[in-house]
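J.: Mind looking over this structure? Questions follow.
The values are calculated or read from the model by the stated rules, or taken from the named source; none is laboratory data. As the structure is a prediction and not an experimental result, all values here were calculated from the model. Note: ideal-geometry Cβ built from the backbone for every residue, glycine included; neighbour counts use all protein chains shown. We work out accessible area using only protein heavy atoms, side chains counted, and drop any ligands, DNA or RNA first. Shrake-Rupley method; radii C 1.70, N 1.55, O 1.52, S 1.80 Å.
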Amino acid sequence: MRHASLLAAFLLCALPARTQALSSEVRSFLKVDAPVVALVHVRVVDGTGAPALEDQALVLRNGRIEAMGAASRLAIPKEAQMLDLTGHTVIPGLVGMHNHLFYTHSIHSDEKGAPVAPGRLFAEIAFSAPRLYLACGVTTIRTTGSLEPYTDLNLKRQIDAGLMPGPKMEVTGPYLEGLEPMTPQMHGLRGPEDARRFVAYWADAGVTSFKAYMNITRADLGAAIEEAHKRGLKVTGHLGSITWPEALALGIDDFEHGPVYTDTEFTPGKQPDVAPPVSASWGSWLKLDVAGPEVQGLIRALVAKKVAVTSTLPVFELGVPGRPPLQARMLAAMSAESKASYLAARARVPAVPNGRAEQLLRKEMAFELAFVKAGGLLLAGPDPTGMGGVLPGFGDHRELELLVEAGFTPVEAIHVATANGAAFLGRIDRIGTLAPGKQADLVVVKGDPSTKIGDLENVVTVFKDGLGYDTVKLIDSVRAHVGIR
């Protein structure tokens, strides 16, 4: 009977959202709500990395893709609501792999700018973040570190139940961090047994992955990975105290941000289980050649162990003068306080052409391109933190634009941000690419992002489980909210 009840629960969770009672609020954002929908005369980028196909048609039935093919040959059911999408492109829903539900709130400092207690704090934006992700075509997210895990888990439940709009969520547990964490909102682990208990508790609570942080010890990380793997869950890391080779030896599954910003193995004087100054770690990478033996050896080790790397280029772009381009849509979404804070911080970025921040960004880009060419699994997410200039959804678009700047083709960048994330999550059979039988999670974009990745910002409609959401209404609903709600 237990197996039967588990199967019933699984089938209920797998049912499209339309089979559940959607709230009136969620329905207010729908622009396409029909059992059968046909998208015709549309360009298709299917997420597999294959070239775009022109003048295609897709039939969506009860939340799934029923058929795909050339518009001139595919039979369209008579009962279908037909949408002529000439001049538009359909891509799979983006799978955001570093997508928080919090936002940089305040940094407490003295009159000279030095940090003082309680340090850096972050605000949960439980209202605006889910709406922005969905509006921008991010239909699945991994939260990749939680500061309010109960909030995140409850948001997932409410979204899945049709009570509020938002993406499908894979909730990562609270940070696995050492003593004296970066923010008082994190727990400081007190040894391997504490790490095991911590992982077990949050796994039982419903989280589906964990993230190790900058000051964790090797003993604590090893214990956490062992407990997570016993439960079939994965562990990623934004490290500092532990080098990438050390974490590889412990069995980690994924690394966040890329090695230029988080692998401290080349830092002179690096002490075991102690995070060196960021300036020293980053400086060590400025001296390395991506084509050189040290970096190539790291790439070979990552590929051999099938360990993924998550690209989060937008958050590091913030340190480069004049970047990213200021966008009216982003500024309009921010609260007055958040906008003023971000613009002030942006103005303080030293105007040094080809300075340290730009060199680091370009080196990380070069690493990510080389990693993929060597067979590595690259994931994508914006990490909406930093000085506040990376927002949910908008930051996901910027991530793809920066991947193209790094040397990926637009189609390759879309593949990274869709199929790769789905594969890592073990959900490639359901999402990540467009194919008959898969869930109808897809994004309608005006223009051709397969040749001009910037067109990805022109999202018109986002389908999640076959229901079409109005991007404009979703974005308008969070105007002036980001940072406070």
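Conditions tested, residue by residue: (1) in a helix (DSSP H, G or I); (2) of a type outside the set (Ser, Thr, Tyr); (3) farther than 30 Å from residue 94 by Cβ; (4) modelled with pLDDT of 95 or more.
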site: 182; (1), (2), (3), (4): no, yes, no, no
site: 199; (1), (2), (3), (4): yes, yes, no, yes
site: 202; (1), (2), (3), (4): yes, yes, no, yes
site: 215; (1), (2), (3), (4): no, yes, yes, yes
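J.: A further question follows. Out of everything in segment 124-152 that is open to solvent by 10 Å² or more (accessible area, probe 1.4 Å) and hydroxyl-bearing (Ser, Thr, Tyr), what residue ends up being farthest from residue 164 (Cα to Cα)?
T.: Per the criteria, the residue is 150.
J.: Please work out which residue is most open to solvent (accessible area, probe 1.4 Å), limiting yourself to segment 184-197 and to residues that are in contact (Cβ under 8 Å) with a residue 24 or more places away in the chain and either in a helix (DSSP H, G or I) or among the hydrophobic types (A, V, I, L, M, F, W, C) (or both).
T.: 193
J.: Looking at (1) in contact with a Leu (Cβ under 7 Å, 6 or more places away or on another chain); (2) at pLDDT 95 or above; (3) of a type outside the set (Ser, Thr, Tyr), which one does residue 63 not meet, given that it meets all the others?
T.: (1)
J.: Still on this structure, I have one more. So, of the residues in segment 48-82 that are in contact (Cβ under 8 Å) with a residue 60 or more places away in the chain and of a type in the set (A, V, I, L, M), which turns out to be surrounded by the fewest Cβ atoms within 10 Å (Cβ to Cβ)?
T.: Among them, the one singled out is 50.
J.: Next question, about the same structure. Need pairs with beta-carbon distance below 9 Å; first residue within 17 Å of residue 184 (Cα to Cα) and within segment 132-151, second surrounded by fewer than 24 Cβ atoms within 10 Å (Cβ to Cβ) and polar (S, T, N, Q); sequence gap 6+ or separate chains.
T.: Cβ pairs passing all conditions: 147/183; 147/185; 148/185.
J.: Another question, if that's okay. Would you confirm whether or not segment 369-380 contains a residue that is of a type in the set (A, V, I, L, M, F, W, C), out of contact with any strand residue (DSSP E or B) (no Cβ under 8 Å at 6 or more places or on another chain) and crowded, with 18+ Cβ neighbours inside 10 Å?
T.: no
J.: Taking the options 340, 336, 351, name whichever one is free of Cβ contacts under 8 Å to residues at least 12 places away in the same chain and over 24 Å from the mean Cα position of the chain (by Cα).
T.: 340 is the lone residue from the list that is free of Cβ contacts under 8 Å to residues at least 12 places away in the same chain and over 24 Å from the mean Cα position of the chain (by Cα).
J.: Could you run through segment 61-75 and say how many residues are in a strand (DSSP E or B) and of a type in the set (A, V, I, L, M, F, W, C)?
T.: Within segment 61-75, residues that are in a strand (DSSP E or B) and of a type in the set (A, V, I, L, M, F, W, C) number 4.
J.: Among the listed residues 168, 211, identify the single one that is open to solvent by 10 Å² or more (accessible area, probe 1.4 Å), within 22 Å of the chain's Cα centre (by Cα) and at pLDDT 95 or above.
T.: 168
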